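Have a look at the structure below before the remarks.
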Amino acid sequence: MTEPNLIDEAADEAVTLTSELIRIDTTNTGDPETVVGERKAAEYVAEKLTEVGYEITYVESGGKNRHNVIARLAGADPSRGALLVHGHLDVVPADPSEWSVHPFSGAVRDGYVWGRGAVDMKDMVGMSLALARHYKRHNIVPPRDIIFAFLADEEAGGLYGAQWLVENRPELFEGATEAISEVGGFSITLRDNVRAYLIETAEKGIRWMTLRVRGTAGHGSMLHHDNAVTKLSEAVARLGNHRFPLVLTDSVREFLAGVTEITGWEFPEDDIEGAVAKLGNISRMIGATLRDTANPTMLKAGYKANVIPSMAEATVDCRILPGRVEAFNRELDEILGPDIEKEWLELPPVETTFDGALVDAMSAAVVAEDPGARTLPYMLSGGTDAKAFQKLGIRNFGFAPLKLPEDLDFSALFHGVDERVPVEALKFGTRVLDRFFRNS
């Protein structure tokens with residue numbers, strides 16, 4: 001076992017690293033013209049790793065300042081499958097005028113580390129980087145190889161990060177059989193100070209879709225029966241108001257069954273959404289995994305008030321449950337009709353089972369730091385770089401452990417204003433990950 005004072009040093013360093021990483025602006029707008037890029041953060045990570053003796057692979061994947069860093073820590077048994085620990089360096093945009101602190105301040109105050117990326121996901125990057133350094137400093141050898149990957153472009157689909165690396169540099173992940181990353185391992189308090197830690201075993205598929213309608217251009221003052229803006233608006237309204245059918249996947253059923261066991265709450269299928277509302281703040285995330293969604297997010301048409309344009313476009317963010325892609329496509333065609341052009345970027349759903357030695361190691365690590373806690377599987381309504389790594393046959397989990405205050409609306413912090421992570425949660429997560437890495 002690692003000496004307590006030594007792991008406490010690593011936990012303290014995780015807080016410092018998270019704060020310093022937040023100060024590095026890595027805004028990813030998804031637009032090559034305005035994206036900041038991950039270069040400075042990647043250089044920071046590379047320096048922290050080489051400082052303690054790692055040989056790193058520094059990969060420029062094209063585009064403007066799109067950089068990735070990969071390092072491998074040799075384990076005691078090289079014949080075992082390696083564990084991939086991946087985290088993304090980019091963050092979504094933030095408007096400083098809306099925040100209590102500057103979003104790139106990395107301020108440590110009131111018991112929190114504040115700033116864009118605090119939970120998505122420079123917290124996990126900070127924790128894993130602190131432990132990678134800790135193991136090298138103290139010659140700690142894990143049971144198997146650990147591949148640490150610090151990646152670009154997750155917030156825009158990973159085209160310059162995980163997706164690019166899987167397609168162009170798969171040898172960097174040679175031997176990896178299992179992986180952990182973001183949006184899992186965080187606690188929710190269900191009753192009487194009983195916490196459940198949600199481990200992500202599944203995530204919905206992503207389809208960022210462009211709808212396009214063509215019409216006849218003309219003068220805005222005249223009668224017009226082929227208006228692209230009108231036709232697109234009607235189609236977008238139909239899609240945005242459509243309610244896809246309720247589908248209970250295995251991972252959702254297992255999560256709800258676990259909650260019932262802990263609390264006694266029932267989740268009858270004839271009022272499943274009403275019952276899920278009992279879960280409080282987390283109900284938004286869980287509720288979004290009960291059905292497919294298609295939310296219009298952007299509209300684009302025209303160039304002058306008195307000119308009817310010949311084309312109009314809309315962007316729709318679609319999230320599709322595992323096993324539902326074909327059915328989703330059929331519904332989509334029925335809703336939109338034949339006159340709507342469609343093109344999209346699609347990243348597939350991810351799903352695995354909540355069993356095996358790795359799950360046991362995660363659960364044991366959590367309980368060792370929070371006796372009486374439970375671990376439950378759940379499905380993420382969003383998406384992660386797991387979508388890329390499953391192409392290599394890697395089994396993926398979300399496990400970035402955080403012990404959270406009962407009243408913290410954690411899910412609202414993702415892409416939200418005043419994003420922040422509790423200092424004590426970072427320290428807790430570092431200790432849990434240390435136990436997990438040394439026993440997985």
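Computed from the coordinates by the stated procedures, all read-outs in this text should not be read as laboratory data. Since the structure is predicted, the reported quantities are computational estimates derived from the model, not experimental observations. No Cβ is skipped: glycine too gets one built from the backbone with ideal geometry, and neighbour counts run over all protein chains shown.
Residue separation of Glu341 and Asn295 scaled by 0.36 nm, minus their Cα-Cα distance, works out to 14.8 nm of gained length. At an R0 of 41 angstrom, the distance between the Cβ atoms of His242 and Leu392 translates into a FRET efficiency of 0.70. Helix-only arithmetic for the chain: the sum of -39500 (n - 2.57) across DSSP H runs with n ≥ 4, divided by the residue total, places the mean residue ellipticity at 222 nm at -9500 deg cm²/dmol. Rounded to the nearest 20, the size of the Cβ-charge dipole of the stretch 87-153 about its Cα centre is 500 debye, with Lys and Arg at +1 and Asp and Glu at -1.
Put a dot 7 Å past the Cα of Lys64, heading toward its Cβ, do the same for Asp192, and the two dots end up 5.7 nm apart. Compared with the direct C-alpha span, the chain from Asn439 to Ser100 gains 118.0 nm at full extension, assuming 0.36 nm per residue. Here the stretch 203-347 is assigned +1 on the Cβ of each Lys and Arg and -1 on the Cβ of each Asp and Glu. Its dipole about the Cα centre then comes out at about 680 debye.
This model, with +1 at the C-beta of Lys and Arg and -1 at the C-beta of Asp and Glu, gives the chain a dipole about its Cα centre of some 440 debye.
The label-point distance for Ala368 and Lys136, in a model that sets each label 7 Å from Cα toward Cβ, rounds to 2.4 nm. Using the Cβ-Cβ distance between Glu261 and Asp12 with R0 set to 51 Å, the FRET efficiency works out to roughly 0.90.
When only alpha carbons are used to place a centre, the stretch 1-54 and the stretch 178-220 end up 25 Å from one another. Computed from the C-beta positions of Asp110 and Thr34 and an R0 of 51 Å, the FRET efficiency is 0.95 to the nearest 0.05.
In units of the compact-protein estimate 2.2 N^0.38 Å, the chain shows a Cα radius of gyration of 1.03. If you take the alpha carbon atoms of the stretch 203-347 and fit the smallest convex hull around them, that volume is 129 Å³ per residue. Report note on the peptides 71-82, 285-296, 319-330: ranked by the mean count of other C-beta atoms within 10 Å, highest first, their order is 285-296, 319-330, 71-82. Highest GNM mean-square fluctuation among Asn28, Asn193, Asn65, for the chain modelled with Cα contacts below 10 Å: Asn193. Given Lys278/Lys342; Lys48/Lys391; Lys122/Lys231; Lys304/Lys387; Lys64/Lys300, which pairs have Cα atoms separated by over 32 Å? Flagged as over cut-off: Lys278/Lys342; Lys122/Lys231; Lys304/Lys387. As a rough guide to protection, the peptides 310-318, 196-204, 218-226 ranked by mean Cβ packing within 10 Å, highest first, stand as 196-204, 310-318, 218-226.
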